[in-house]
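The values are calculated or read from the model by the stated rules, or taken from the named source; none is laboratory data. It should be emphasised that the depicted structure is a prediction, and the values quoted were computed from it without experimental measurement. We place every Cβ from the backbone using ideal geometry, glycine too, and count neighbours over all the protein chains shown.
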C-alpha cells in the first residue's frame with residue numbers, strides 16, 4: 001500500500017514547523033490519545049550461511065536485508081528500494097545490537113514517509129550511495145509563529161544557516177540532536193544527516209534510547225513523543241507502519257514474508 005498523500009503531513013509541514021526530533025515542546029494535554037504500538041516487523045536477512053548479519057558491524061546497513069525481500073516489499077508498499085534498504089538494514093542492525101528494543105523497519109519507514117516522503121520531498125532523490133539531493137532542509141527555527149527558536153549551534157555546517165538552526169536530511173534532525181546520536185550506517189568513516197543510511201540508523205538509535213521496548217504501547221509512545229510530540233503525527237506514523245507491515249496481497253503471513261516480527 002502506498003503512503004496516502006494526506007498522511008504525509010510532516011513532509012509538507014517540515015518547512016513550516018520543523019517536524020523532526022527535538023524541535024518543539026507540546027502542551028501536556030496533547031499527550032493524550034496516542035495510538036497503540038503497531039506490530040514491529042524485522043525483514044528477511046541477506047545471505048544463507050545461518051549467521052545474523054545484524055550483528056556484523058562490518059556490513060553497511062543497506063546490505064543487510066535480503067534482495068528478494070527488498071524487491072517484493074518495495075513493489076508492495078511503493079517505498080523506493082534504496083530507502084527501504086536503509087529502513088530494513090537499520091532494523092536488522094538493531095536486532096543484533098539492541099535486541100530488547102524490538103524496532104521494526106515499518107516504524108522507521110512510517111517516520112521517513114511523514115518526514116520527507118522517503119527522501120523525495122520537493123523533488124529530492126536518493127542515489128545508489130544513499131545520498132539525498134538536493135539536501136532537504138527545513139525553515140529557520142527563528143521563533144516565528146508555530147516555530148521554536150533555536151539559535152545556530154553548528155556554525156551552519158549541517159544546515160547552511162549561521163544564524164538559526166534548521167532540521168536537516170530525510171529524517172529531519174536538528175544539529176544538536178544529530179551531534180548527540182549520529183551514526184555511520186554506510187561505514188564510510190563519517191556521519192552525514194543527508195545520507196539515508198546514516199540518518200535512518202541514527203533515528204533508530206534515538207527511538208530505542210527514548211522508548212526502550214518499542215513493541216509495547218508505552219515504549220512506542222515514548223519513542224514517538226521524543227521524535228515529535230504531536231498526537232496526529234503519531235497516528236500518521238502508526239497508520240503507515242501498520243500498512244507497510246500488513247499481510248501481503250498474496251496472503252502470505254507477514255512473519256513469513258518479512259522475517260520474525262514482534
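Among the residues of the range 164-189, write down those that are surrounded by fewer than 18 Cβ atoms within 10 Å (Cβ to Cβ) and either within 24 Å of residue 224 (Cβ to Cβ) or at pLDDT below 95 (or both).
Step one: of the range 164-189, the residues surrounded by fewer than 18 Cβ atoms within 10 Å (Cβ to Cβ) are 176, 179-180, 187-189.
Answer for the range 164-189, where residues must be surrounded by fewer than 18 Cβ atoms within 10 Å (Cβ to Cβ) and either within 24 Å of residue 224 (Cβ to Cβ) or at pLDDT below 95 (or both): 176, 179, 180.
Could you check how many residues of the range 190-207 are crowded, with 23+ Cβ neighbours inside 10 Å and assigned to a helix (DSSP H, G or I)?
Final tally of qualifying residues: 11.
Could you look through the range 112-125, keep only residues that are touching a helix residue (DSSP H, G or I) at 6+ places or on another chain (Cβ under 6 Å) and outside any helix (DSSP H, G or I), and pick out the one that is surrounded by the fewest Cβ atoms within 10 Å (Cβ to Cβ)?
Checked the range 112-125; the qualifying residue surrounded by the fewest Cβ atoms within 10 Å (Cβ to Cβ) is 117.
If you take the residues in the range 126-166 that are outside any loop (DSSP other than H, G, I, E, B) and in contact (Cβ under 8 Å) with a residue 40 or more places away in the chain, which one is farthest from residue 198 (Cα to Cα)? Walk me through it before giving the result.
Initial filter on the range 126-166 (outside any loop (DSSP other than H, G, I, E, B)): 126, 131-133, 137, 142, 149, 151, 164.
Of the ones still in play, those that are also in contact (Cβ under 8 Å) with a residue 40 or more places away in the chain are 126, 131-133.
Details: 126: 13, 131: 10, 132: 11, 133: 15 Å.
So the residue we want is 133.
Step by step: first the residues of the range 170-189, then only those that are in a loop (DSSP other than H, G, I, E, B) and in contact (Cβ under 8 Å) with a residue 40 or more places away in the chain, then the one that is nearest to residue 125 (Cα to Cα). Which residue is that?
Among those residues, the one meeting the criterion is 170.
Can you name the condition, by its number, that residue 22 falls short on among (1) at pLDDT 65 or above; (2) closer than 23 Å to residue 225 by Cβ; (3) surrounded by 14 or more Cβ atoms within 10 Å (Cβ to Cβ)?
(1)
Across the range 30-88, what is the number of residues that are at positive phi and either at pLDDT below 95 or loosely packed, with under 13 Cβ neighbours inside 10 Å (or both)?
Within the range 30-88, residues that are at positive phi and either at pLDDT below 95 or loosely packed, with under 13 Cβ neighbours inside 10 Å (or both) number 3.
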